[in-house]
Every structure is written in C-alpha cells, then in structure tokens.
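First comes the structure, then the notes that go with it.
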Amino acid sequence: MSSRPLVSSRSSTSSFSSGGRSVDYEFVSIEEECPSTEDSCDEKTSPPCFSLLQQFYDELMIPTFPLEEERDDINDWFECFRLQMKQRHQLHEQKLHDDIKQVLTDGFKEEGIAAAVQNLSNPCVDEDCEFDGPAMDVVLMILDEGTDGDDDEINNDPRGKFPRRRSSRIRMSLYGGLYAPKAGTNGDADKSNDKCTIIGGAAVEYYKQSRVGLLSYIVLKDEFRGCGLARYLHEEALSRLENLANVYGASFQKERNTLSESTPLLQAVFAETNTAKAGDVTPEQSLLRHNSLYNLGYRLVSFPYAQPPLTTEDVDGSFDDILLLTYFPFDDNTIRAATRREAADSITRFSNWFSLQQMNKNDEALDAEPLVLMDVNIPFLYIEDFYQSVFGYDRDETSSETLAQVGKEDGIPDYRTAKYYKLAHWFTHHRLGNGSGGVVVDIGRPPWNDCKEILQIEFEEMQIST
C-alpha cells in the first residue's frame, strides 16, 4: 500500500487542451471539504459543500442514472459524510491523546505512575461515530472560470471555447475551509449566484471489511464528453479512494488488531456497469459506455454479480442487469508489462489481487496459462460486505432460525436468503472448490457477456439433483 501524503482538496488549477478546445478545471473533494470538528455532525447544520454535492446530484446524477433502484439516495450520502466527519474528529482526538501519553510516560520510569498517567490520558470513545459500513468520497471537477484574483495569469485563446488559465497559487485544504458559497447582501449564502459549473464528478466507496474500493459513479456533462477529461477525473478518483483506505481502513484494521505491513488496505478496485438489457440506454450507447470503462482500465470479472438491494424492504430487490469490473489496465498485448518491476507500483496500489506468483511468471508461463485469475473470495467478500452495509453487520454470525425470528420483530430479513447471494455463495464455495479457486478476469475488449444466466441454470439443476 502506498503511503503517499494526503492530497489537497483543490489541486492547483490544471488545463487540458484537445482539438483546439481548452478546459481549465480544479478538483473539489467533498470528504476533505467536510470539517472534522466536535459539532460537525450536528444534523441541524450542514457544511457548505453539501450544497455543491446537491447541485452535482441534481444536475448530473439524476439525468445520467434515471433508474432509482440503481441510484443512491443523496440523503444516504449526507449521512455517510456526517459519520465520517465525526470519526475523523475522534481519530484526531485519539492521536492527540496518544501523543500526550507518549510524552508523559517517557518522563516517568516508575511503573505505577506510568500506568496512572496512561489511564488519565485514555480518551472516552464515542461508539456512535464508529461505523462498519463503507466510507465514501465524491470528487468534483469544477470549471475554473478565472475569478480567483489578480495573481492568476489568464491567456484567452481565440481558437478555444474556454480561456486557458494557470494559477500561481497552490491551494491546500485540511478537512474543510475551501468551498464557500458566495454571500448575499444579508450575509447568507446567495442561492441564485453561488452555483459554479460542474464539469463532472466521481463517487468512490471504500469497504473496510473486505478491503476493496468501488468506483460507484463517474459522469461528465454532455458538452465536456469526448475530449479526454474522464481520464483525469478517474485518476483523481483513484487517489481519493487510496486516501479513504489510508484513513479509514488503517484505523478499522488497527481496532481489530489485524493491521500489519503485509495487510493490503486496498486489495482491488471494482466498478459496476449496466448490461445492454438494463434498458437505460440504447445497445449502441451501452457498448460505448463499456468501451469507455475499458479505456479507463476496467476489465470484466466473470462472477455472477447482481447489485444488492439499497434498502431492506425486499431482500431480493437486487438490480441484476449489471456487470462487475475491476481496475487492471492491461490487455493481451500489454499483460507481460504487468509482470515487470516498473508496473509494481500501480499493481500494488490498485490491483493488489494480482498475486506475486502471477507477477513472477515468465513469458513462457504466460503463454502456457494466459488467463488472469483473481481469488474468488475477494469479489464474494465484497458482495457480503455490501449486503451487510444494508442489512446490518451484526447478523452475519447469527443462526438462520434466530435471524428469521429477529427479522419478524424488526422487519429486516436475512440477506443470506437472497437469490443472488445464494448464487454467489454457491459459485464461490462449491463450484470453484470451497473458496480456493480463482475467478477469470477477462482482459479482452467489450462486448462483455453476463455469466449469471448460465450459472443460475447450473445452480438450479444442482439443487434439483441433490
């Protein structure tokens, strides 16, 4: 796992030019714009960046993802960021107490005094701020329209649609303080004039239990598509995902005494994409979407994946016209480069599942076994983590009989009875040899085929025969 320092919430202004069209932009991370103060989780007040998140959701998320059953509720996003603000505050307090403890105990040699000092310096843990579910970030690409001050060099290119602009400042943010809506005459936020131009955005989630990341959504406004900006937005999203793993994954594993140098905090980066049967776009547009994801580095995982329900109302309310992808930016022509030392940093950071054994294969071994395999437990544990984030983490070790009774009382069903959970469990623990097998990662170009239908038939036939 790379130990890169936290990146700034807004990077220095960047310019991108394609075909005579120049676009200047900067990134805003909602996670890093949210303050980590003691009162930051007050539900009566919201950080200013929530209005920017609402604008992104209204302008880009709803039009691009019109199917409600596959689109997150923005109130769930707000709740997640509030929990993260509170946990970051507690992590900060914990570090201060640890530093004080270290300084004080180093000054005392007597065992009794040292123990007393440690007891006095132990902070009170607020269990309300601890959450087992995924941590998230939404990174927004904002059009830089050259309004930040006189120390910015502006170069209007008559051939480009947008002015080129280079900033001489490096703007940093330490969890809050950069984004603020323009104030009106009464001192309140000016709702009519504070909107900026959002070029695009990406939502990422880090699942702490399974130690994987998910590119939940990535979208650009129509007028900014086709000029290569998605690549820069995606790179920033991966960086933010790595930051989530460093902050929340490390603390989660440390609490459970499972953190070690050999524990990869980010085993894999997954993404989802609808099949052509989903009906949200035409088949031609679906293929274009798949090719765009392929160009970003995503490859099909041949796993029977269906997106778990987003609410507890229906345990079988999965969205099944969907495919699971993983970030692995290699193809048939470049797969050998994945085994080279120069690719080790990228592999370690975002594709840790690509084992050392595979990386050590020579060219002859790759020719003999060209398949790229991922430990099947990685996608399965991610799916289980997803289900538990919806149905509860305290239910996974409860017996089915007890859980059925509990479900009658609280109205939350046993997710292990879900059709697609049972299919994934069978595929992992029976078809591929008791969870010890590898699932194929298809490095070929789209069109991609969904394996669920064939596997579902095989699963049903096996149930009948037994």
(request) Search region 58-87 for residues being among the aliphatic types (A, V, I, L, M) and assigned to a helix (DSSP H, G or I), and hand back the single one that is most open to solvent (accessible area, probe 1.4 Å). (result) ILE62
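Kindly indicate whether any position in region 239-251 is free of Cβ contacts under 8 Å to residues at least 24 places away in the same chain, out of contact with any Cys (no Cβ under 8 Å at 6 or more places or on another chain) and not acidic (Asp, Glu). Show your work before the answer.
Of all residues in region 239-251, those free of Cβ contacts under 8 Å to residues at least 24 places away in the same chain come to 250.
Right, trim to out of contact with any Cys (no Cβ under 8 Å at 6 or more places or on another chain) and you get 250.
So of that shortlist, the ones also not acidic (Asp, Glu) come out as 250.
Yes, some residue in region 239-251 is free of Cβ contacts under 8 Å to residues at least 24 places away in the same chain, out of contact with any Cys (no Cβ under 8 Å at 6 or more places or on another chain) and not acidic (Asp, Glu).
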(request) Return a yes/no flag: does region 5-24 have any residue that is at pLDDT 60 or above, buried (at least 20 other Cβ atoms within 10 Å of the Cβ), of a type in the set (Asp, Glu) and under 25 Å from SER389 (Cα atoms). (result) no
(request) Any chance you could count how many residues in region 441-457 are among the charged types (D, E, K, R), buried (at least 16 other Cβ atoms within 10 Å of the Cβ) and part of a loop (DSSP other than H, G, I, E, B)? (result) 1
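Tally the residues that are in contact (Cβ under 8 Å) with a residue 12 or more places away in the chain, open to solvent by 10 Å² or more (accessible area, probe 1.4 Å) and either closer than 23 Å to GLY279 by Cβ or in a helix (DSSP H, G or I) (or both), restricting the search to region 315-342. Steps first, please.
Looking only at region 315-342, we keep the residues that are in contact (Cβ under 8 Å) with a residue 12 or more places away in the chain, and these are 315-332, 335-336, 338-339.
Pick out the ones that are also open to solvent by 10 Å² or more (accessible area, probe 1.4 Å) and you get 315-321, 327, 329-332, 335-336, 339.
Add one more test, that the residue is either closer than 23 Å to GLY279 by Cβ or in a helix (DSSP H, G or I) (or both), and what stays is 316-321, 335-336, 339.
Qualifying residue count for the region: 9.
Just to check your reading of the model, which residue among GLN55, GLN90, GLN102 is assigned to a helix (DSSP H, G or I), modelled with pLDDT under 90, open to solvent by less than 50 Å² (accessible area, probe 1.4 Å) and polar (S, T, N, Q)? Write out each step before concluding.
Values: GLN55 fails: modelled with pLDDT under 90; GLN102 fails: open to solvent by less than 50 Å² (accessible area, probe 1.4 Å).
GLN90 is the lone residue from the list that is assigned to a helix (DSSP H, G or I), modelled with pLDDT under 90, open to solvent by less than 50 Å² (accessible area, probe 1.4 Å) and polar (S, T, N, Q).
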(message) So the check is Cβ under 7 Å with 6+ separation or different chains; which pairs have a first residue in region 59-80 that's within 19 Å of SER29 (Cα to Cα) and a second one that's of a type in the set (Phe, Trp, Tyr)?
(response) MET61/TYR217; ILE74/TYR57; PHE78/PHE50
(message) Can you confirm whether ALA268 is under 30 Å from LEU423 (Cβ atoms), in contact with a Gly (Cβ under 8 Å, 6 or more places away or on another chain) and small (Gly, Ala, Ser)?
(response) yes
(request) For region 201-258, name all the residues that are more than 13 Å from the chain's Cα centre (by Cα), open to solvent by less than 30 Å² (accessible area, probe 1.4 Å) and among the small types (Gly, Ala, Ser). (result) ALA250, SER251
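Given the residues VAL247, VAL212, VAL281, which is the only one that is more than 22 Å from ASP144 (Cα to Cα), modelled with pLDDT of 95 or more and not basic (Lys, Arg)?
It is VAL212.
The values are calculated or read from the model by the stated rules, or taken from the named source; none is laboratory data. Predicted model only: the values in this text are computed from it and were never measured. Positions of Cβ are generated from backbone atoms using ideal geometry, with glycine treated the same way; all protein chains shown enter the neighbour counts. Surface areas here come from the heavy atoms of the whole protein model, side chains and all, with no ligands, DNA or RNA. Shrake-Rupley method; radii C 1.70, N 1.55, O 1.52, S 1.80 Å.
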